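The values are calculated or read from the model by the stated rules, or taken from the named source; none is laboratory data. Because the structure is a prediction, the values reported are computed rather than measured. We place every Cβ from the backbone using ideal geometry, glycine too, and count neighbours over all the protein chains shown.
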Amino acid sequence: MADSYLVEPDVKFVKQLKAMGGDTLKKCYQCATCSVVCPISPEERPFPRKEMIAAQWGLKDKLVGNMDVWLCHQCNDCSTYCPRGARPGDVLNAVRGMSITEYAWPSWLGRIVQDWRFFWLLLAIPVAFFLVLLGATGYLKIPDGEIEFAKFFPTLLVDIVFVPLATLWLPVTFGIGLSRFISAIHKNAVAEGKAKRKDVNVPDFLKSLVCTVPTVLGHSKFSQCTANKDRYVPHLLVFYSFIGLFVVTNAFFVALYILQVPGPYAQWNPFKILANVSAIALLVGVIMMIRNRIGNKDNASKTSYFDWYLLLLVLGLVLTGGLSELTRLAHLTTVAYPIYFAHLVFVFCLFAYLPYSKLAHLVYRTVAMAYSRYAGREPCE
Amino acid sequence: MDKKLGVYICKGCGIEDALDMEKLEKKVPPKIKICKNHPILCSPEGVDLIKQDIAGEGVNTVVIAACSRRVLYDVFDFGPVIVERVNLREGVVWSHKPQEAPAEGEGPQVDEFIQEMAEDYLRMGLAEAERILPPEPYKEETIDKKIMVLGGGVSGLSAAMEAAKAGYEATVIEKGPQVGGFAAKMRKQTPWSHPYEELQEPVVEQLIKEAEAHPKIEIRTGIEVARIAGAPGIFDITLKPAGAKSAWDIPEPVEEVEGAEAPPQPPGADEATPDNPANILAKNPDAERFGAIILATGWKPWEPKEEAEEPAQAEESAQAEGEGEEAKAKEPSYEHLGLGKLPNVVTNVALEEMAAQGKILRPSDGKPAASVAFVQCRGQGSDEDFPYASSVTSMVALKQAKYVREDGAADAKAYIFYQHMRTPGLTEYFYKSAQQDDGIFLTKGDVVGVSGNGDGTLVLEANDTLLGEKIKVSVDMVVLGTGMVPITKDEAVLNFAYRQGPGFRDLDLFDGYPDSNFICFPYETRRTGIYVAGCARRAMGIQECREDAAGAALKAIQCIESANRGVAVHPRSGDMTFPDFFFQRCTQCKRCTEECPFGALDDDEKGTPLPNPTRCRRCGTCMGACPERIVGFADYNIDSIGSMVKAIEVPEEEEKPRVLILACENDAYPALDMVGMKGLSYSPFVRIIPVRCLGSVNVVWIKDALSKGVDGILTIGCKFGDDYQCHFVKGSELLDIRMDKIGEALKSLALEKERVQQVQIAIDEYDKIPGIIDEFMATIEEVGPNPFKGF
């Protein structure tokens, strides 16, 4: 049997979780209804009952490095059936927020991304940066003639900003965060007896990662939710539209630098069609998400700044992107360029702050799910 | 009194269909001139029929052969006229089916056995009616209506207030230097009003002010009771300064020895002359008179016993270890929790007193306690809480956890380790509010032990918690959730000058609480006129104490007024009869004095009983106990029941056995009625006589029945033992003891022991009755007919 564990409750951590949308956590009286009704919790050492007591006691070390909080998809079936209104699903969401901050590098950036007081500052960073960049290169003016965004913000400048962001910044920051995260969840899983194997084996882990992909692509865990079924479709839409836009971006990058075909591209271009379809799907998806959250349904998830930040960012991204294209086609010169500028600001925010925002769940959850399969907690499908 | 009987037989409710009414009427002896029947006797016309005879013919004893005495008693109430009920409906026609179904075309057939049963009951009813008298109440010359309230805590003061508001004078006697009790030593009170979440300021100060200002309340502090003599309405109470010796102190009782003949006698009591205070019969001319007493002496904190074993004892206990029983009886150890050894381990009582004085500080060095663990259970693998712990203990832990949070910094921590968290009813809201405090941490858990770190900090270890199998917490203080022991457990606070001793009997049955039956008779003790309220009755919170005090005050008032009218207070409320003793034939055997469950009887130097009618509950246990048969009530006595037994006709035919059932009227008789109401049935060879309590069953009735040729006697009464349901506490148990002795007597008459049996039944077990009777009939068939038949 394990040695006795010195419990050191952290009252501050309890307060932080409450502020992040877990304000109901202290209501739990450990009946374990949540663990019983959860459709996706494993049978052995199921969540979220044990996470709830750890949250009540402010046991940060038992929560932030706990893979189980990432296996939760916030269906809120648990919150629907909770006899005390403790909303375990929302509490785990708050824990995930704390977990993202915990492993973020640099950690100060993690903290400010999740703090509403820095929202405008974070937005102002790319604005200022772009203004300086354009000003220094002499482009800070609305160009004449046919609207061509490259005339306003040259493609080279765009790529000077975004290529390092995507290929250096993201891999480094995310890599550091992820490596901390993986070692934490492994340690926690071994300590709590959730891992059937205690060794570290990279090829096996990669195999588990591969077997996780169909689950992620098919949203098969998400689809098991009953209380919050409404969240399945918008999430699927948003997920695939991001994939679509990712494909398009890469394709255009290839077109520009390898095939030497600069944009704008014709509307019948298959990649252009994919881009437009994805944009529409993203818009529909994000609007549905927002509606789900603001509609006063009993089982709706609680929405904190952690959630709003990402929703507003994506909404801003898709609106400015779509409007850039529409205003360009409508030849509205004075509007099109500023909107395009705003679009680039949102894109910057998306990339630069990805490892610190809720969007990081894309990576953390996938890794946790892969680890869960690696450790034998869940089977490969 | 000259009796003029009138017999009225009802034909309704199926009686006419099952019985031959003409034949039945012929069984009324011709000397009784008035014998009438009516299709529905309880109808206005039927009742008028009886009333006309009372008015016109001078009938003063009415025998109604209709339904059970348990129903329509208000319809058949004719003031001073004696009413005897013969139970033909529930007892005969509803509970018995004819042996053979009537042949087709023929009218309803009268079953011979059922007809005989009805005839017997009619004869028995007539026999009883001949022998009973209308009751006359026993009235004391003067009654004092003042109420003495013992204990000046919240319960005592509230009881005094309630009595005073109802117009009765009350005197509060407090042993300590001031009133207020433990409530006056608290910082805050657990909430008693919406939203039941926040701690509230104690009410006790306001209560003290109100009580002190009330013209009908007198408060005396530093006073205790030397002795209580007398009875409800006429209690003569000697008071004395607390802790002082008084000539009127009741001598320490001799240990009650199981099976001993004599009741516990204080030493020297017998030799003392009547004017020597050592004699419990001596009257103190300076005693104060009260009508009833409310016992609100509250509680004291439970503390673990000293565990320092002397070497000799250690050896002994080592020897005893082999014997499982002795090891079991050993007091569980609390040493692992460190109370008394580690200065920062305290009880909840000590913490409350500290909190009322100021901030919570570590006793070892006076530093603020930033983290405190509340331990609610003994731990070390045991599921048990501390002795006498209750919902109050749980609520106090939650309350004190809030103190820790109030006093400390934002990150002050309070842990509660419990096996049982009891927050009944609306107090659940308080539990929730504590639980939702960021710095209060609750878990079920088995506390392994508390150890010191040297610097005053403590480490508490617990197993099987909600957080995992083994955890530790580091805290500044540990508070043990110890329970509240009723003062009555160890102290004879009342000091009765009663022959049965200065305290309450059989307190061990109730862990020292003086209730006589917590569920059925709240506030009632085993001493009439003494009503217990507050934490002396069970552990309760302040608000509950106030409500409880109101209940006890009302009982005390009821008692005084009943004594004033000369009627019984409980449970035979309003009964005007009382036991009458024919002293010329008394042999001073003291059995009545000894057996009375309520200590109603004292005795003089010779041992002649001295009845105290207002202490009496009218169960008749004295009557059942008396070997000389000199005790009886106006409407219930040896002769009235004996003549009913004798009125049973015992046929000589072997196929018509006869069994007498003596059924307790509290549970067994209603259950027998229910058998009829529910359409079940039992043997038609039984004859049932209701009795006040099995304790009132005198063995002479059994002897009479057996010598008459009755084949068996079954007594049915309430459950006895630890979870007794006897309405008079001891009645059914006492009969059981008497029955043991009867067995020997039967043997000497060459009669089988099996012929006389006792069964225990609860009122809701009516469905078991047919089976019980069948089984007994089978036993009787096996042992064969009574050889005395026909003599």
### Query
What is the residue count in the range B:413-427 for residues that are surrounded by fewer than 23 Cβ atoms within 10 Å (Cβ to Cβ) and touching a residue at least 40 places away in the same chain (Cβ under 8 Å)?
6
### Task
Go through the range B:5-25 and count every residue that is in a strand (DSSP E or B) and without any contact (Cβ under 8 Å) to a residue 60 or more places away in the chain.
2
### Task
Can you tell me which residue within the range B:403-437, out of those that are assigned to a helix (DSSP H, G or I) and over 19 Å from B:SER193 (Cβ atoms), is farthest from the other protein chains (Cβ to nearest Cβ)?
B:TYR403
### Query
Taking the range B:452-510, which residues are within 12 Å of another protein chain (Cβ to nearest Cβ) and of a type in the set (Asp, Glu)?
B:GLU461, B:ASP464, B:GLU469
### Summary
Reported set for the range B:506-525 where residues are modelled with pLDDT under 90 and either of a type in the set (A, V, I, L, M) or surrounded by 21 or more Cβ atoms within 10 Å (Cβ to Cβ) (or both) is B:LEU507, B:LEU509, B:ASP515, B:SER516, B:ILE519
### Query
For the range B:536-559, what are the residues that are in contact with a Pro (Cβ under 7 Å, 6 or more places away or on another chain) and either over 23 Å from B:ASP575 (Cβ atoms) or of a type in the set (A, V, I, L, M, F, W, C) (or both)?
B:ALA536, B:CYS559
### Task
Might you check whether a residue that is surrounded by fewer than 18 Cβ atoms within 10 Å (Cβ to Cβ), not small (Gly, Ala, Ser) and not in a loop (DSSP other than H, G, I, E, B) occurs anywhere in the range B:57-70?
no
### Where B:ALA369 falls short, out of the listed (1) away from chain A (no Cβ under 14 Å); (2) of a type in the set (Gly, Ala, Ser); (3) without any contact (Cβ under 8 Å) to a residue 40 or more places away in the chain
(3)
### Query
within 18 Å of the chain's Cα centre (by Cα) and small (Gly, Ala, Ser), is that true of B:ALA647?
no
### Message
If I filter the range B:26-56 down to residues being of a type in the set (D, E, K, R) and part of a helix (DSSP H, G or I), which single residue comes out as surrounded by the most Cβ atoms within 10 Å (Cβ to Cβ)?
### Response
B:ASP53
### Message
Against the condition in a helix (DSSP H, G or I), more than 28 Å from B:TYR682 (Cβ to Cβ) and among the acidic types (Asp, Glu), how does B:GLU90 come out, does it pass?
### Response
no
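Name the one entry in A:LEU332, A:LEU317, A:LEU326, A:LEU362 that is buried (at least 18 other Cβ atoms within 10 Å of the Cβ) and in the same structural domain as A:ASN228 (by TED's automatic domain parsing).
Unique residue meeting the criteria: A:LEU317.
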### Task
Just need a number here: residues in the range A:301-359 that are of a type in the set (Lys, Arg) and over 24 Å from the mean Cα position of the chain (by Cα).
1
### Message
So, restricting to helices (runs of 4 or more DSSP H) that lie completely within the range B:526-630, which ones have at least 2 residues that are surrounded by fewer than 24 Cβ atoms within 10 Å (Cβ to Cβ), of a type outside the set (Ser, Thr, Tyr) and in contact with a helix residue (DSSP H, G or I) (Cβ under 6 Å, 6 or more places away or on another chain)?
### Response
B:542-565, B:591-595
### Summary
Exactly one of B:SER696, B:SER732, B:SER707 is within 20 Å of B:ALA127 (Cβ to Cβ), crowded, with 24+ Cβ neighbours inside 10 Å and not assigned by TED's automatic domain parsing to the domain that holds B:VAL93, and that residue is B:SER696
### Message
On the basis of being touching a Phe, Trp or Tyr at 6+ places or on another chain (Cβ under 7 Å) and surrounded by fewer than 16 Cβ atoms within 10 Å (Cβ to Cβ), does A:GLY263 make the cut?
### Response
yes
### Message
Exactly one of these conditions fails for B:GLY151: (1) touching a strand residue (DSSP E or B) at 6+ places or on another chain (Cβ under 9 Å); (2) at pLDDT below 95; (3) of a type outside the set (Ser, Thr, Tyr). Give me its number.
### Response
(2)
### Query
Does A:LEU133 satisfy the criteria of being closer than 30 Å to A:THR327 by Cβ, over 17 Å from the mean Cα position of the chain (by Cα) and assigned to a helix (DSSP H, G or I)?
yes
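Take B:THR297 and decide whether it is of a type in the set (S, T, N, Q), at pLDDT 90 or above and assigned by TED's automatic domain parsing to the domain that holds B:LYS240.
On the way: of a type in the set (S, T, N, Q): yes; at pLDDT 90 or above: yes; assigned by TED's automatic domain parsing to the domain that holds B:LYS240: yes.
Yes: the conditions hold for B:THR297.
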### Task
Give me the pairs, please: first residue somewhere in the range B:114-133 and in contact (Cβ under 8 Å) with a residue 24 or more places away in the chain and on the phi > 0 side of the Ramachandran plot, second residue anywhere and in a loop (DSSP other than H, G, I, E, B) and buried (at least 21 other Cβ atoms within 10 Å of the Cβ), beta-carbon distance under 7 Å, and either six or more positions apart or on two chains.
none
### Query
Restricting attention to the range A:273-307, which residues are touching a residue at least 24 places away in the same chain (Cβ under 8 Å), of a type in the set (A, V, I, L, M, F, W, C) and more than 24 Å from A:ALA336 (Cα to Cα)?
A:MET288, A:MET289, A:ILE290, A:ALA300, A:PHE306
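Please report, ordered by residue number, the helices (runs of 4 or more DSSP H) entirely within the range A:10-113 with at least 3 residues that are more than 14 Å from chain B (Cβ to nearest Cβ).
A:33-37, A:68-71, A:77-81, A:88-103, A:107-113
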